[in-house]
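One structure is given here, and the rest of the page talks about it.
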C-alpha cells in the first residue's frame, strides 16, 4: 500500500515535470559562438564586415525584443571593429560591454588602455 502511494506521487511529479515549459535562456547567443569559431579557425577567410553586420543586427533585434546579448558579444564586436580599422566603434562596443556586464570592467579597461598605444 505504501509503495503504491509512493509510486503515484512519483508518477504525478514526473507528469508535472514533463508538462512544464522549458526555461528560457538568460542570454541570446545567436551567431556569436559560430562567429568566434570561424575567426579563430581561419582568420584569413573570415569576412569581418559581414560578421559585424550580422552580430550588430542580432544585438539590435535583442534590444527590440527585450533580450540581453550574451556576455562577450559587445567585446567581440569591439574586437571585430578594431580588426576592420574602426577604433571609435570598437571603443563604443567595449564601453557597451562594460555597461552591460560590470564584472568585465578590469579586462575591458586593459583592452582600452592597450588600444591607445
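Results, tabulated for the structure shown:
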{"read-out": "Test result for residue 96, touching a strand residue (DSSP E or B) at 6+ places or on another chain (Cβ under 9 Å) and at pLDDT 95 or above", "value": "yes"}
{"read-out": "Residue, surrounded by the fewest Cβ atoms within 10 Å (Cβ to Cβ), within segment 56-76, restricted to residues that are in contact with a strand residue (DSSP E or B) (Cβ under 9 Å, 6 or more places away or on another chain) and in a helix (DSSP H, G or I)", "value": "63"}
{"read-out": "Test: residue in segment 15-29 that is part of a helix (DSSP H, G or I), under 30 Å from residue 65 (Cβ atoms), within 18 Å of the chain's Cα centre (by Cα) and modelled with pLDDT of 55 or more", "value": "no"}
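The values are calculated or read from the model by the stated rules, or taken from the named source; none is laboratory data. It should be emphasised that the depicted structure is a prediction, and the values quoted were computed from it without experimental measurement. Cβ atoms come from the backbone with ideal geometry, glycine included; neighbour counts cover every protein chain shown.
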